[in-house]
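Down below is the structure, laid out as structure tokens.
The values are calculated or read from the model by the stated rules, or taken from the named source; none is laboratory data. All values derive from a computational prediction rather than experimental measurement. Methodologically, a virtual Cβ is constructed for each residue, glycine included, from the backbone with ideal geometry; neighbour enumeration extends over all protein chains shown.
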Amino acid sequence: MTISKETFSSDCCKCSRLAKFLSEVRVTHSEYFARPVPSFGDPNARLLVVGLAPGMHGANKTGRPFTGDHAGILLYRTLFEQGFSSAAVSKSSTDNLELKNCRITNAVRCLPPKNKPIGEEIKNCNGY
């Protein structure tokens with residue numbers, strides 16, 4: 001099986017609904033990342049953690065998957081305890097946390113309205 005490895009773009013606008021929503025979020029939360037969130041960690045890692053989509057006040061704010069939200073508290077602590085993370089807490093995308101043989105991503109790279117992506121949006125992100 002051949003897996004497509006499209007180059008990720010933080011300027012992606014393939015999904016008009018998501019692009020429109022992120023544009024609105026950038027107005028109401030100008031300090032937020034509010035762009036497609038890239039994967040974090042080694043692309044050839046042994047462990048891949050896949051979330052559904054960035055959370056409004058988590059990855060959408062910080063630009064790093066599972067950073068700044070409640071789900072990330074448990075995830076990064078567990079990764080640290082199992083030797084996959086250099087720290088137990090992920091505070092921001094600039095906190096020097098490093099993953100070890102682990103990669104974290106989302107099925108959909110952009111924050112969807114009401115945290116509910118649709119099938120076409122998931123399909124559009126499959127190449128990443």
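Considering only region 68-87, I want to know if a residue exists there that is β-branched (Val, Ile, Thr) and either touching a Gly at 6+ places or on another chain (Cβ under 8 Å) or farther than 29 Å from SER23 by Cβ (or both).
Yes, some residue in region 68-87 is β-branched (Val, Ile, Thr) and either touching a Gly at 6+ places or on another chain (Cβ under 8 Å) or farther than 29 Å from SER23 by Cβ (or both).
Which of the residues that make up region 70-113 are of a type in the set (A, V, I, L, M) and in contact with a Leu (Cβ under 9 Å, 6 or more places away or on another chain)?
LEU79, ALA87, ALA88, VAL89, LEU99, ILE104, ALA107, VAL108, LEU111
Modelled with pLDDT of 95 or more, closer than 18 Å to ASN115 by Cα and either aliphatic (A, V, I, L, M) or loosely packed, with under 13 Cβ neighbours inside 10 Å (or both): does that describe ALA71?
Criteria not met by ALA71.
Report yes if some residue within region 2-16 is in contact with a helix residue (DSSP H, G or I) (Cβ under 7 Å, 6 or more places away or on another chain), more than 24 Å from VAL89 (Cβ to Cβ) and in contact (Cβ under 8 Å) with a residue 12 or more places away in the chain; otherwise report no.
Among the residues of region 2-16, at least one is in contact with a helix residue (DSSP H, G or I) (Cβ under 7 Å, 6 or more places away or on another chain), more than 24 Å from VAL89 (Cβ to Cβ) and in contact (Cβ under 8 Å) with a residue 12 or more places away in the chain, which makes the answer yes.
Would you please list the contacts, defined by Cβ atoms under 7 Å and residues six or more apart or on different chains, that run from a residue in region 34-47 that is touching a residue at least 60 places away in the same chain (Cβ under 8 Å) and closer than 13 Å to SER9 by Cβ to a residue that is in a loop (DSSP other than H, G, I, E, B) and aromatic (Phe, Trp, Tyr)?
Filtered contacts from region 34-47: PRO38/PHE8.
Which of the residues that make up region 76-94 are over 20 Å from ASN44 (Cα atoms) and in contact (Cβ under 8 Å) with a residue 12 or more places away in the chain?
Correct list: ARG77, ALA88, VAL89, SER90, LYS91, SER92, SER93.
Just to be sure I understand, how many residues within region 98-123 are closer than 27 Å to LEU22 by Cβ, touching a residue at least 12 places away in the same chain (Cβ under 8 Å) and more than 15 Å from the chain's Cα centre (by Cα)?
Residues that pass the stated criteria total 3.
For region 81-123, which positions are in contact with a Cys (Cβ under 8 Å, 6 or more places away or on another chain), surrounded by fewer than 19 Cβ atoms within 10 Å (Cβ to Cβ) and either among the hydroxyl-bearing types (Ser, Thr, Tyr) or assigned to a helix (DSSP H, G or I) (or both)?
Residue satisfying the conditions is GLU120 alone.
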